[in-house]
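Peer 1: Take this structure, written in structure tokens, and hold onto it; I'll ask about it next.
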Amino acid sequence: MSDLLVSGHQGKEEEGESGLVLDALHLSVAPGTEAFRGTLAVAGVDPFEITRGNAEIVQCSRRDPCPDNLSGYGVFVGGRTGAAANAAPSSALRMKFGDRGRATAWGHVVVSPELDRIADARLHVTLDEVGYRQFDNSGRPELLATLSSDSLLLEGHDIMILRGEVVVERSRWIRDAQEGVRVLSFADPSTAPESPPPAILRDLLLDLRVRTTSPFRVDNNVMKGVEGQVALSLGGTVADLDLAGRIDVGTGVLDLSILGSAFDIQYGKVLVDHDLEESTVDVLAVRQEPIYINGQPRQMSVRLTGTLDAINMRCIVQGDTASIRRSTRECVDYLVLGAGNQQIADASGVRRTGGGGLLGKPIGLVGSLTELKLDKYIEDSAPRAAPYVPDVSMRLGQYGLEVEAETPRPWFRSEWGNLSVGAGYTRGYPGLLLRNSYNWRVRLQILDSATLELRDSKRSYFNERIIFDPLRQRSLELRLDHQLPTFR
């Protein structure tokens, strides 16, 4: 702190004043040997450190005038002289986000005396590989990205606008989709209302362009390794975004448990218009395994159309002209239950055991339809208790009752990684014998690239008198993940 001046007086009630009245404020600060550390509550970015630069905070007055002689409080990032520069001066604030992110800021911002709006601004910001996390309405992460920008500019007088281009260097969508027999949805599963932006930023206008320089990836419950390119423009205000652009999907696997098999995506596109969840979808995927009609292998495709919050599926089978008109329900029957041709069911892996139990795809279908997620039920019924409930799911699987429980990611998450503890239990009949198995696991993920997992599992088969093939396993596994750039 190189300069500090604070002056004021006790307010006079007869003049409509109460408490301490501030007459003058002037503060000049610069980071010392220990960097200034903080977090931005209005953005999902990593904690930051201010490593270099200086800033002045003043109360607008004759001694410290603000642009256009405005009243209120002014912040001059980079100092009085540096704030007026068109390129980053040596006095600009340098910030470090996480391990790799860097940012530079210079310019001025004037806030009204009531601190409820921005009266005037011209603030430049540059970004270099700043980590960004986006969360759904329940507080769970849905998007991980790395952002860069050569020039972001906040400017205006009374009416503020943020303009510039943001380059997404790495990105991954991880929020699960909602599967159903009739429809597939990428809408936010939480019924909790979206948190409103701070009042001071609510009416901020946007004129931003967002594009990817490396493939945008989707890795969730229905899409594995899906890659595409994104080009969007963001308009409207912070409180009411207006999106426009498109997402082109190139490669990846569509794996819908409701359809019982994996599909290779041939092409796809998402046309974004105003609202992301109402964007139109057009995706074509080909089944990895052929189906058989009259003893002949046939290629099968699935066409996804509709909007992101309500995607419809239609089947297309080579040599079957009626299949192109099949609804989503008929598509499920055709793929999973073998409607109209027993050979389709045989090719889909349906098999009978000596005990007469029907296993394979129909059981997988029943499991996906009978799955009960306790944490989702608590979230809908008692939202205040939801953060304290572990992720618990129960379903009728291929063997019988399957129960899984795991601590949510936010419970033991820190800047460098997260810790999760989970357990599973299965009890059912894979044939003539009753299977009883359980496992518990502890998983430590470090910096999104290294995972250390300790697992203990026990399994046995038995009838009324004898236990068969008892097995107990303990394992300690270290996994290192590295993403290679695409050959394209």
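The values are calculated or read from the model by the stated rules, or taken from the named source; none is laboratory data. Note that the coordinates shown come from a computational prediction; the quantities given were computed from them, not determined experimentally. Every residue, glycine among them, receives a Cβ derived from its backbone with ideal geometry; neighbour counts consider all protein chains shown. Accessible surface is based on the protein model in full, side chains and every heavy atom, while ligands, DNA and RNA are left aside. Shrake-Rupley method; radii C 1.70, N 1.55, O 1.52, S 1.80 Å.
Peer 1: Would you please name the GluC sites (Glu not before Pro) within region 113-174 that are DSSP coil residues with at most 15 other C-beta atoms within 10 Å of their C-beta? Please list the in-between numbers first.
Peer 2: Working: sites: 114, 129, 142, 155, 165, 169; in loops: 114.
Filter output for region 113-174: 114.
Peer 1: In percent, what relative contact order does region 240-284 have, based on Cα pairs under 8 Å that are 6 or more apart in sequence? Numbers along the way, then the final one.
Peer 2: Details: 78 pairs, mean separation 17.9, N = 45.
For region 240-284, the relative contact order is 40 percent.
Peer 1: Okay, next question. Taking only C-alpha pairs under 8 Å that are 6+ residues apart, what is the relative contact order of region 113-245 in percent? Before the final figure, lay out the partial values.
Peer 2: Details: 296 pairs, mean separation 28.6, N = 133.
Computed value for region 113-245: 22 percent relative contact order.
Peer 1: Report the extension gain between residue 474 and residue 389 in nm, rounded to one decimal, defined as 0.36 nm multiplied by the number of residues separating them, less their alpha carbon distance.
Peer 2: Working: separation 85, 0.36 × 85 = 30.60 nm, distance 2.75 nm.
Stretched fully, the residue 474-residue 389 segment lengthens by 27.9 nm.
Peer 1: For 4, 471, give the ranking by accessible area with the largest first, probe 1.4 Å.
Peer 2: Working: 4 100, 471 65 Å².
Ranked list, largest accessible area first: 4, 471.
Peer 1: Moving on. So if each residue of separation counts as 0.36 nm, and I subtract the Cα-Cα distance between residue 3 and residue 24, what length gain in nm does that give? Can you show the working numbers first?
Peer 2: Details: separation 21, 0.36 × 21 = 7.56 nm, distance 1.31 nm.
Stretched out fully, the residue 3 to residue 24 stretch lengthens by 6.3 nm.
Peer 1: Tell me the carbon and sulfur percent of the accessible area for region 22-144, rounded to whole percent, probe radius 1.4 Å. Walk me through the numbers before you get to the answer.
Peer 2: On the way: 3260 of 6200 Å².
For region 22-144, the apolar C and S fraction of the accessible surface comes to 53 percent.
Peer 1: I would also like to ask the following. Which percent, nearest 5, of DSSP beta bridges in region 124-237 are antiparallel?
Peer 2: Numbers: 31 of 41 bridges.
Rounded to the nearest five, the antiparallel share is 75 percent.
Peer 1: Something else about it: Ordering 60, 315 from largest to smallest accessible area (1.4 angstrom probe), what's the sequence?
Peer 2: Working: 60 20, 315 0 Å².
Sorted by accessible area, descending: 60, 315.
Peer 1: Would you kindly state how much longer the chain becomes between residue 413 and residue 305 on full extension, computed as 0.36 nm times their sequence separation minus their alpha carbon distance, in nm to one decimal?
Peer 2: Values: separation 108, 0.36 × 108 = 38.88 nm, distance 3.72 nm.
Full-extension gain reported as 35.2 nm.
Peer 1: Determine the percent antiparallel among the DSSP beta bridges restricted to region 43-187, to the nearest 5. Let's see the in-between values first.
Peer 2: On the way: 57 of 57 bridges.
If I count the DSSP bridges inside region 43-187, around 100 percent turn out antiparallel.
Peer 1: On to the next question. Roughly how far apart, in whole Å, are the Cα centres of region 223-274 and region 140-159?
Peer 2: 21
Peer 1: If you take the beta carbon distance between residue 233 and residue 10 as r and set R0 to 51 Å, what does 1/(1 + (r/R0)^6) give as a FRET efficiency, to the nearest 0.05? Don't jump to the answer; show the numbers that get you there.
Peer 2: Details: r = 53 Å, r/R0 = 1.03.
Computed FRET efficiency for residue 233 and residue 10: 0.45.
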